[in-house]
Amino acid sequence: MKYPRARRPRRPLLVPAALAAFAALAPGALAAAPPGALAAASSDFPTPEGGLNLLVVGIDTRKGVTAEEKARFRLGGKECDCTDVMMLVHVSAENDRVDVVSLPRDSLASFPDQHRDRRTGKVHTAHQAKINGAWAEGGSSFTVETVESMTGLPVHRYLEIDFRRFMDTVDRVDGGVPVCTEKPLKDTVTGIDLRPGTKPVGGGEALQYVRSRRADGQMDFGRIRKQQKFVVNTLERLREGILGDHTRLRDLAETLRGTAATERGISTGELLVLAARLRGLPPDRMTFATVPVRGFNAAVTGVGSTVGWDEEGAAKVFERLREDRPLPAAEEVAPSEIPAAAYRPAPGASLICP
């Protein structure tokens, strides 16, 4: 499925997905940044009439991970340099609602003719691929363009997080982040082994949790829901502890942001400005969903098994975001042929561990 390429705003603003939610709970962080930096960030931080669209991706790369960590947290496999996590975050124009839509990594995409491969320098002809391959072929700019093309929405800012930054950020949360499961969760690939109940986890074990997709039979769709729950529970922990300490809050944001230059990358200063705009947003004003899926496509030569979006349902979801309206209810979208991929938007409050 492909929508007409969206026209880019001349001076875009954006915040990363997890950061958008993080910012919503962090109004006091403004005092932690140098006034000059905030003034500069604020001057380039527009307020689009249709709300902000933020793209957050998780990169499968072990750069900076030690040999001991690779062994301990089962990170020794071959890295794919691809975006195995993709979340499109919409912040309403009134700053009173945040909607997060996850894009399955195996979604079938059509890459355009004459795009250049950042790894080899080769210019590709048009071809089909999985959406998570856009980063490997063209980096952050091509990832943004691909998401814009498939959703028909402009992406105003972008954040990418690798394994190293994810672990370091979680380790800055005192006492860890709680994860909860009703049934035992044991994945021999990632190494996660959880008994029923709630347990706080640090960076390495948190990475095992958000990467796990084999233990519960829900495949990538179960992993997406784990990732969404982890974002909400991280925000709750920040609300309980770090938000009152401006220095620690700024350090946390800088750790997550990193120093890499990316297409339309969010800055720490912009994050803090957005925090002021989203102050006081409660968890029940955040909604998480996965783009509606119809089923698996027939294997594509050179690509493998891919996921096909429900064109009508996906169009309805992206139309709501374009119109700056809440996501459609579950009964407004046809059921998926894949039971685990059922479209079921959930308020953030319902994802918090008890």
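What follows draws every value from the coordinates through simple rules; no lab data is involved. Everything quoted here is computed from the prediction, not taken from an experiment. Positions of Cβ are backbone-derived with ideal geometry, glycine not excepted, and every protein chain shown enters the neighbour counts.
Grab the other residues whose beta carbon is less than 9 angstrom from that of Pro347, score K and R as +1, D and E as -1, and report the net. Surrounding charge for Pro347 is 0. All Cα-Cα distances of the chain, cut into 10 Å bins from zero to the largest, leave 5, 26, 36, 26, 7, 0 percent in each bin in turn.
The Kirkwood hydrodynamic radius of the stretch 182-262, based on inverse pair distances between different Cα atoms, is 14.3 Å. Within the straight-line cut-off of under 18 Å between alpha carbons, the lysines reachable from Lys199 are Lys183, Lys186, Lys226, Lys229, sequence neighbours fewer than 8 places apart in one chain being disregarded. May I ask you to list the lysines whose Cα is less than 16 Å away from that of Lys78, ignoring any residue fewer than eight positions away on the same chain? Within the straight-line cut-off, Lys78 pairs with Lys63, Lys70. Over the stretch 53-130, the reciprocal of the mean inverse Cα-Cα separation, the Kirkwood hydrodynamic radius, stands at 15.6 Å. Of the trypsin sites (Lys or Arg not before Pro) found in the stretch 106-145, those in coil by DSSP whose Cβ has at most 12 other Cβ atoms within 10 Å are Arg119, Lys122. Rg/Rh, computed from the Cα trace of the stretch 209-354 with Rh as the Kirkwood radius, has the value 1.01.
So if the hydrodynamic radius of the stretch 73-203 is defined as the Kirkwood radius over C-alpha pairs, what does Stokes-Einstein give as its diffusion coefficient at 25 °C and 0.890 mPa s, in µm² per second? In µm²/s, the coefficient is 140. Note on Lys130: aspartates and glutamates with a C-alpha under 17 Å away, same-chain residues under 8 apart excluded, are Asp60, Glu79, Asp81, Asp84, Asp106, Asp113, Asp117, Glu145, Glu148, Asp220, Asp310, Glu311.
Within the chain, the longest run free of exposed loop sites, counting GluC sites (Glu not before Pro) that sit outside DSSP helix and strand states (H, G, I, E, B) and have at most 16 other Cβ atoms within 10 Å, spans 183-322. Once the chain from Ala93 to Thr120 is taken as fully extended at 0.36 nm per residue, the excess over their C-alpha distance is 5.7 nm. Charged neighbours of Ala334, selected by a Cβ distance under 15 Å, balance to -3 (K, R count +1; D, E count -1).
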